[in-house]
Structure formats: C-alpha cells, structure tokens
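The values are calculated or read from the model by the stated rules, or taken from the named source; none is laboratory data. Just so it is clear, the model here is predicted, and its values are computed rather than measured. Here Cβ is always computed from backbone atoms with ideal geometry, including for glycine, and neighbour counts include all displayed protein chains.
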Amino acid sequence: MGVLSKLGFTAVTGATGLALWQGYQFQTAQAEEQTAQAVKLQLAETLPSRKGQLQQLQTSTADKPFDVLIIGGGATGAGCALDAISRGLRTVVVEKEDFGAGTSSRSTKLVHGGVRYLEKAVFNADYGQLKLVFEALHERRRLLEHAPFLAHPLPIMTPCYKWWEIPYYWAGLKAYDLVAGSQGLTISRFSTAKESHRQFPTLSETQPDGQTLKGTIVYYDGQFNDSRMNVLLACTAARAGAIALNHAEVTKLLKDDEGKLIGATVHDLLSGKKHNVHAHIVINATGPFADNVRHLSDPNAPKMIMPSAGVHVTLPDYYSPENIGMIIPKTKDGRVVFMLPWLGATIAGTTDSSSEITMTPRPTETEINFILDAIAEYLTVRVRRTDVLSAWSGIRPLAVDPNAKDTASASRDHIVSTDPDGLITVTGGKWTTYRLMAEDAINAAVATKRIPWAGPCGTKGLAVVGTAGWNSTLFTEVAQNYTVPHRPGAIDTRVAKHLADSYGDRAQDITKIAEHRNLGKRLARGYPMLEAEVIYAMESEMCETPEDFIARRTRLAFLDTRACEHALPRIVELMAAERGWWWWRRKAELKRAKKFLQSFTPSNDSRTYSIAIEADAAVARNTRASGSNGTLSLESVGNFQTSKPVKLTIFLPGSKLNEVTVNSPASTVGIAAGKALGLVSAVSALPRLANLLSI
C-alpha cells in the first residue's frame with residue numbers, strides 16, 4: 001500500500017503518545033535555544049583572501065596548535081567549522097574539492113523530517129527513528145530561519161486515486177504534523193480533485209488501471225538551494241575567523257610518540273605546496289569518504305559507510321507548477337519519488353541503490369528511465385527522454401546497520417565515533433540535520449578535554465551571510481536601484497529575484513559589479529545568471545575553478561547541461577582575466593570543466609552515443625517493459641513490434657532530424673533511422689547503430 005498508506009493504519013492510535021513525547025522534548029529544546037541566543041558572533045565585512053588564510057595556516061606548531069582541524073567541507077564539515085568558531089575555538093576546515101562538491105550539492109533539495117522514517121518508528125516501535133524524525137523536523141525550522149532567502153516552505157501533494165487512500169494518507173500526514181508540533185510549517189489538508197487540478201494543472205485525472213483522481217492530501221516541507229547553503233556556511237565561518245580552504249587535500253595524519261593524532265599534512269592543490277597543520281582535535285567529516293580518512297590513521301579500521309546512490313533529473317518548468325510539488329508514494333518497487341519545482345525548472349527523483357564511492361558519480365539510463373516512468377503515470381504531460389535537461393547522482397553516506405540487507409534499511413541517523421588515536425568521525429544523517437550533527441561532533445571534541453577552553457554552541461540562532469538585511473521584497477529594491485549597463489530599460493524581474501534569492505542582502509553587490517564593470521549580460525540564454533556573478537563568486541565566495549561556479553555558486557550544471565556548456569567559454573574568459581591565467585591555463589580549465597559536465601549525463605546516454613527514436617507513447621509502452629516516456633532508444637528497438645505503420649521522429653543530441661513512417665519489424669526502424677541521417681559514413685561512426693544495421 002505504500003509508505004504513507006501503511007503509516008495511516010497506526011497514526012491515529014499513536015498520536016497521543018507522540019504528542020506527549022515531543023512536547024517534553026520541545027521544552028528541553030526551548031531551554032537550549034534561550035542559552036544559545038546569548039552567543040553573538042562578529043562577522044568581518046569582507047571575506048579573508050586565500051593567501052591570507054594560507055599564511056594563518058602556517059602559524060600552527062606542535063606547541064601552538066589550532067583547536068580543531070576539520071577534514072571535509074560538505075554540509076557537516078562546514079557546519080562543524082561554524083559551530084567550533086561560534087564557541088571561540090581556533091578552527092580550520094579543509095576540503096579536497098570544493099565546498100559542497102560531493103553529496104551536499106546533489107540532494108533532493110528538500111529540508112524535511114522524513115515520512116519514511118516515521119513509518120519505521122510507528123511499525124517497528126523504533127525510538128531511534130522517532131527521534132530522527134523529531135530532530136529533523138525541528139532542525140528543518142531552524143534551517144529555514146537561518147537562511148530565509150535560500151530556503152522556504154513548499155506544499156507537496158499526494159494524489160489519491162482510490163477512496164481508501166484519502167483517510168490513510170490523511171492520517172499518516174497528520175501524524176507527521178503532530179511530531180513537528182509547534183515547529184510545524186502549515187497543517188496538512190485535503191484538496192478535492194477539482195481544487196487539485198487547479199493547483200497542479202498537469203496532474204493526470206486517470207491512472208492506467210482506470211482509477212480516477214479522488215483528491216489529494218497536501219502537506220508542507222522545506223525546499224532550499226543546497227550547494228549555496230553549503231558555500232555560505234563556509235563563508236560565514238571564514239568571516240567569523242575560521243580558516244576555510246577548498247582545493248586543499250589531507251594526505252597524511254600526524255601523530256605523537258604515543259600514537260595520538262596531533263594534526264595533518266594539507267596539500268594546497270592550487271599552489272602545490274604542503275603544510276603541516278597541528279591541532280588538538282581532528283574531525284573527519286568527509287561523508288561517503290569517511291572510511292578513506294580513517295584508513296589513513298588505521299588501515300585495518302572497520303568500515304562505517306554503506307554508500308547509497310540517489311539519482312535526480314531536471315525537466316522543463318511546464319512539467320509542474322512553480323509553487324507546489326508532488327510525491328509519488330508507491331512506485332513499482334516501493335520507493336518514493338518526488339517531483340518538485342526548483343529554480344525555474346522541475347526536478348524529479350530519487351532512486352536508492354548500492355553504489356561505488358566516487359567524487360563524480362554518474363546516473364545510468366536505467367535509473368533515469370525509472371524516474372521518468374514513475375512520474376509519467378501521474379501527468380498529462382507526455383514525458384519524454386529528450387526533455388531531460390540534466391541528470392545527477394549523489395552518494396548518501398549511510399551509517400551501516402550490521403543486520404541491514406540493503407541500503408533502504410540502513411540507518412539514516414548520524415553517528416559520532418572516536419577512534420583510539422583520537423580521530424573523531426561524524427557521518428550518516430541528512431542535510432536537514434547538518435547543524436545538529438556538527439553540534440554533536442564539536443561536543444565530542446570538547447568532551448575529550450584536549451581543548452583548553454570552549455564556550456557553548458552558538459549556532460542554534462546563527463544566520464548565514466546575506467540574511468541580516470534580507471526581506472521578501474528585496475528583489476524590488478534590486479530592480480529599482482540597478483541601472484542596466486549594456487542596454488536601455490529596467491532589469492528583468494526574474495534576474496532581480498534570482499539575485500535576491502541567491503545572495504540575500506549581498507544581491508546589490510553583484511549589481512554594482514555589473515554596473516561598474518559592464519558585466520550585466522546573462523551567461524546563458526533563458527537563465528538569469530549574470531556575468532557579474534563570476535567576479536563576485538571569486539572575490540566573496542571562494543570560487544577557484546569554473547566547476548565551482550557552474551555547479552556550486554550557480555546551479556547551471558544542474559539546470560541545463562547544454563546551456564552550461566555554451567556559457568563555459570565566457571565563464572573561463574572572465575575567470576582568466578581576474579586571475580591572470582595564460583592561454584594554456586584557460587584551455588586546461590575549459591577542458592576540465594567540460595569533462596566535469598559529463599557527470600550530469602548518464603554513462604550510457606543514448607542522446608550522446610546513439611540516436612533516440614521518439615514514438616507514440618502507446619508504442620513505447622508496448623516496446624519497453626519498464627514503462628513509457630514516449631522514447632525508444634536504439635538499445636530497445638530490437639523489441640519494437642507494431643501491426644500497422646507508425647510515425648517516428650528521429651533525433652540526434654539536441655536536434656530533430658526527420659520524420660519517417662515505418663512498419664514492423666525492428667530492422668525497418670533502424671534502416672529508416674540510417675536513411676533519415678542521409679550519411680551512411682556518419683551512421684558507421686556510431687558503433688551500436690552500425691551493429692544494429694549490420695553495416
């Protein structure tokens with residue numbers, strides 16, 4: 001019956017107990033909140049330069065160490081840095097790639113408690129799962145308040161096509177509201193079929209089995225810009241006095257004569273120089289790579305990480321409304337799939353499967369088709385493979401349960417452990433609880449008694465850079481105060497909203513750069529990113545490479561890989577002028593950035609290596625066992641059969657070539673594709689197609 005439907009069985013009977021438990025816990029949380037509000041953090045007006053931070057890094061010695069060295073600059077690592085500096089600790093955080101380069105930029109973009117975890121808590125009488133949901137829902141509220149320009153509440157609807165689904169889903173989501181308590185966003189509600197269509201016009205009225213829409217249950221969670229949140233956590237820590245360095249790899253752990261950790265060797269990947277950094281405490285916050293760091297200390301250390309891959313796709317904005325999302329609570333294999341509006345597009349995901357650990361995981365065609373098939377049954381829009389603008393895979397660092405048989409049953413809660421040599425590892429958890437994970441990790445560091453002094457945690461009420469002067473109408477001030485340098489007329493409202501929603505009260509810093517340096521043009525047609533943002537990112541957000549900019553400072557790589565590729569030469573040109581790169585460096589940076597973009601396409605992408613054949617959706621349904629999105633890849637046309645002529649549209653990457661009418665069998669389709677190209681030699685250059693046609 002699906003996650004939400006099963007949850008509904010016991011939601012009402014368990015509601016009173018949940019309410020009493022969360023009420024007691026909330027009183028404790030309120031007392032802690034009042035203590036935290038007494039901590040005030042002074043932020044520098046400008047970001048320290050990389051050169052200055054590297055000079056500070058060299059000041060540490062065995063006799064004068066830093067208090068905390070944090071390895072890993074994802075959400076947890078950056079959160080640890082901010083927590084540590086808020087307590088008055090001398091803090092260093094280093095990241096091998098870029099802040100948020102791994103899992104922290106590849107999430108579902110939701111700030112949520114987790115309905116799935118609440119199901120486990122109720123059905124398994126699992127206190128740990130209930131605690132996880134409760135903590136996540138309360139941290140959800142904090143995250144929304146700490147970065148209101150990056151995060152906001154989002155209504156999400158659950159379609160009901162059978163009458164019994166209405167009370168089941170309603171009860172389950174009421175339990176979700178109940179656990180959130182006073183920290184909830186908006187109470188869930190029922191919407192009729194007519195009201196649901198008004199809110200979500202592309203929602204299908206019928207299912208393949210003939211069931212009609214009976215209504216929807218709408219509940220609220222948070223949505224945010226994950227990588228920008230990560231970057232601003234690091235920037236806030238740096239402005240507060242922490243040393244925060246990206247592109248700096250830990251290559252060795254330093255130990256004293258007793259085998260206790262006293263620091264690490266840090267390799268600055270931009271200059272090539274190495275530095276021995278001494279610290280009282282070393283924290284391992286490297287997410288999926290936590291075991292790699294632990295093995296630097298002890299090659300025989302048992303593994304803690306069970307990696308799980310989650311794939312998402314980006315689709316055009318017309319797939320969903322701009323202000324409401326949808327959850328599909330029961331896919332064919334029991335997983336949950338979200339379809340959400342995000343930054344002017346639609347994202348859909350996620351999958352949950354075993355994965356190898358790599359910095360740039362790639363989605364597979366099978367995973368993309370799974371997502372497309374899952375949403376196709378719920379939409380009136382013809383779901384097409386050729387509509388996928390970008391696709392990405394992220395690796396979740398799940399903490400291993402010894403009894404777990406697969407990643408879906410592994411714990412999503414976080415773990416803080418201390419090895420015999422003093423290495424503290426914090427792993428597991430989720431984006432929503434990053435702040436709590438960081439607090440627990442720094443508490444563990446303080447508990448070792450190796451740090452001379454530490455104040456109370458100061459992050460419960462600490463907002464990130466850009467929040468102080470932000471308000472919901474800031475975009476109007478940006479629009480009115482900006483003089484477009486390259487053409488007459490006012491700024492596009494979409495650009496003004498993009499700047500306010502991405503940079504908060506720093507938005508007008510970008511418009512000043514645009515005016516003074518004549519950099520007000522858009523980087524990519526159809527997207528609101530300005531050339532001036534490249535300069536701002538380099539000056540104020542520790543942006544060092546084109547990949548840093550296209551994936552973490554802006555989200556162009558996640559929104560549209562082709563538009564991003566077209567923008568790359570100009571981005572590299574602007575960065576080269578700012579940094580003084582010679583032509584060979586420009587060429588190398590552009591080549592590497594284009595290679596990085598390949599991680600946003602599947603490893604067996606038919607658009608890249610073969611020809612996609614778009615057929616009538618009904619034909620595709622009969623052709624592919626996995627379902628239908630109206631597209632036949634050449635890997636599946638071997639199964640193509642039809643009893644009457646069918647019109648197919650032949651595509652190469654990004655462009656429609658021809659329309660042909662073909663009959664069964666599949667070989668006719670392949671030959672028609674070759675004829676449509678008109679160049680047999682070009683067809684021969686595509687191995688899979690050549691093999692299909694026996695050329």
Just name the residue that is modelled with the lowest pLDDT out of those in segment 151-173 that are more than 18 Å from GLN207 (Cβ to Cβ) and crowded, with 18+ Cβ neighbours inside 10 Å.
-> GLY172
Whichever residue in segment 184-202 is closer than 29 Å to ARG141 by Cα and touching a residue at least 40 places away in the same chain (Cβ under 8 Å) and, among such residues, is surrounded by the fewest Cβ atoms within 10 Å (Cβ to Cβ) | GLN199
Pull up segment 287-343, narrow it to residues that are farther than 22 Å from SER390 by Cβ and touching a Lys or Arg at 6+ places or on another chain (Cβ under 6 Å), then point me to the one that is modelled with the highest pLDDT.
-> ASP291
Which of the residues belonging to segment 262-282 are over 12 Å from THR91 (Cα atoms), in a strand (DSSP E or B) and aliphatic (A, V, I, L, M)?
-> ILE262, ALA264, VAL266
Look at segment 320-342 and say how many of its residues are part of a loop (DSSP other than H, G, I, E, B) and either of a type in the set (Val, Ile, Thr) or touching a His at 6+ places or on another chain (Cβ under 8 Å) (or both).
-> 3
Of the residues that make up segment 521-534, is at least one surrounded by fewer than 14 Cβ atoms within 10 Å (Cβ to Cβ), of a type outside the set (Asp, Glu) and either more than 18 Å from LEU232 (Cα to Cα) or in the same structural domain as ILE262 (by TED's automatic domain parsing) (or both)?
-> yes
Could you please let me know if GLY504 is buried (at least 23 other Cβ atoms within 10 Å of the Cβ) and touching a Ser or Thr at 6+ places or on another chain (Cβ under 7 Å)?
-> yes
Residues of segment 97-156 being under 22 Å from ILE395 (Cβ atoms) and among the aliphatic types (A, V, I, L, M), in sequence order, are ALA101, LEU110, VAL111, LEU132, ALA136, LEU143
So how many residues does segment 518-567 have that are assigned to a loop (DSSP other than H, G, I, E, B) and of a type outside the set (Gly, Ala, Ser)?
-> 17
Identify all residues within segment 349-381 that are out of contact with any strand residue (DSSP E or B) (no Cβ under 7 Å at 6 or more places or on another chain) and among the basic types (Lys, Arg); write none if there are none.
-> none
Criterion (over 26 Å from the mean Cα position of the chain (by Cα) and in a loop (DSSP other than H, G, I, E, B)) met by exactly one of THR459, THR483, THR476, THR467 = THR483
THR108 vs. criteria of a type outside the set (D, E, K, R) and part of a loop (DSSP other than H, G, I, E, B) | yes
Hey, SER409 at pLDDT 95 or above and either under 23 Å from ASP291 (Cβ atoms) or of a type outside the set (A, V, I, L, M, F, W, C) (or both) or not | no
Please state which one of LEU590, LEU597 is at pLDDT 95 or above, surrounded by fewer than 20 Cβ atoms within 10 Å (Cβ to Cβ), in a helix (DSSP H, G or I) and touching a helix residue (DSSP H, G or I) at 6+ places or on another chain (Cβ under 7 Å).
-> LEU590
Of all residues in segment 273-296, count the ones that are more than 30 Å from the chain's Cα centre (by Cα) and either more than 19 Å from GLN56 (Cβ to Cβ) or among the charged types (D, E, K, R) (or both).
-> 2
Search result, residues across segment 180-232 that are over 22 Å from TRP164 (Cα atoms) and charged (D, E, K, R) | ARG198, ASP221, ASP226, ARG228
Of all residues in segment 129-187 being part of a helix (DSSP H, G or I) and β-branched (Val, Ile, Thr), which is nearest to the chain's Cα centre (by Cα)?
-> VAL133
